[in-house]
1. Is it true that Tyr183 is more than 30 Å from Ile59 (Cα to Cα) and either out of contact with any Cys (no Cβ under 6 Å at 6 or more places or on another chain) or modelled with pLDDT of 90 or more (or both)?
2. Of all residues in the range 96-137 being assigned to a helix (DSSP H, G or I) and of a type in the set (S, T, N, Q), which is surrounded by the most Cβ atoms within 10 Å (Cβ to Cβ)?
3. Determine which member of the set Leu126, Leu169 is under 30 Å from Val52 (Cα atoms) and either out of contact with any strand residue (DSSP E or B) (no Cβ under 7 Å at 6 or more places or on another chain) or touching a residue at least 40 places away in the same chain (Cβ under 8 Å) (or both).
Amino acid sequence: MAEGDNRSTNQLAAETASLEEQLQGWGEVILVTDKILRWEKPWFPPAIIGVVSFVFLMIYYLDPSVLSGVSCFVMLLCLADYLVPALAPRIFGSSKWTTEQQQRFHEICSNLVKSRRRIIGWWKRLFAFKEEKPKMYFTTMLCSLAVIAWIGQQVHNLFLTYLIVSFFLLFPGLNKHGIISKYAGMAKREVNKLLKQKEKKNE
């Protein structure tokens with residue numbers, strides 16, 4: 001058991017080190033983005049919403065085709081991949097890189113590796129569920145996809161995408177400031193109350 005834990009820890013450290021090396025040119029940008037997403041200043045949340053709203057308003061106004069939209073998005077990614085590593089040290093100053101920043105960069109890379117592992121774990125569990133209980137798997141998948149399709153039919157595609165993107169960008173800040181845990185706890189208490197009331201009625 002201990003050997004398995006040590007192997008897993010060593011593998012995590014190796015994957016984190018590899019990711020740090022790959023993202024080294026993006027270090028300064030990642031740290032600034034991390035500060036924005038975690039709301040280190042009170043005006044960051046409205047700034048996030050403002051930028052996202054502006055981007056989606058431009059998409060709505062230009063109304064590009066799917067092929068044009070994907071091409072422009074990939075083109076921007078390619079430009080960023082080429083320009084950011086070259087310009088970031090000049091803008092932010094790599095000489096100002098401190099031990100604290102390096103530690104935070106290490107934590108971010110470690111969290112990204114853990115998130116990737118978690119997603120792969122969920123994917124494997126989904127296929128294991130399919131193998132163990134195929135009928136329940138297909139019933140669950142069909143019902144879930146039907147609900148998602150119904151929601152997509154009721155809400156405009158662009159607006160739904162806007163809501164999803166906004167939520168994902170606000171999620172780190174909501175989580176850091178305890179807003180999600182607060183409302184999740186409230187919802188859990190309400191559910192427990194309803195269950196207790198139902199049990200009392202049954203008695």
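The values are calculated or read from the model by the stated rules, or taken from the named source; none is laboratory data. Owing to the predicted nature of the structure, the values given are computational and were not obtained by experimental measurement. Cβ coordinates were reconstructed from backbone atoms using ideal geometry, including for glycine residues, and neighbour counts include every protein chain displayed.
1. yes
2. Filtering the range 96-137 for residues that are assigned to a helix (DSSP H, G or I) and of a type in the set (S, T, N, Q), the one surrounded by the most Cβ atoms within 10 Å (Cβ to Cβ) comes out as Ser110.
3. When all the criteria are applied, what remains is Leu169.
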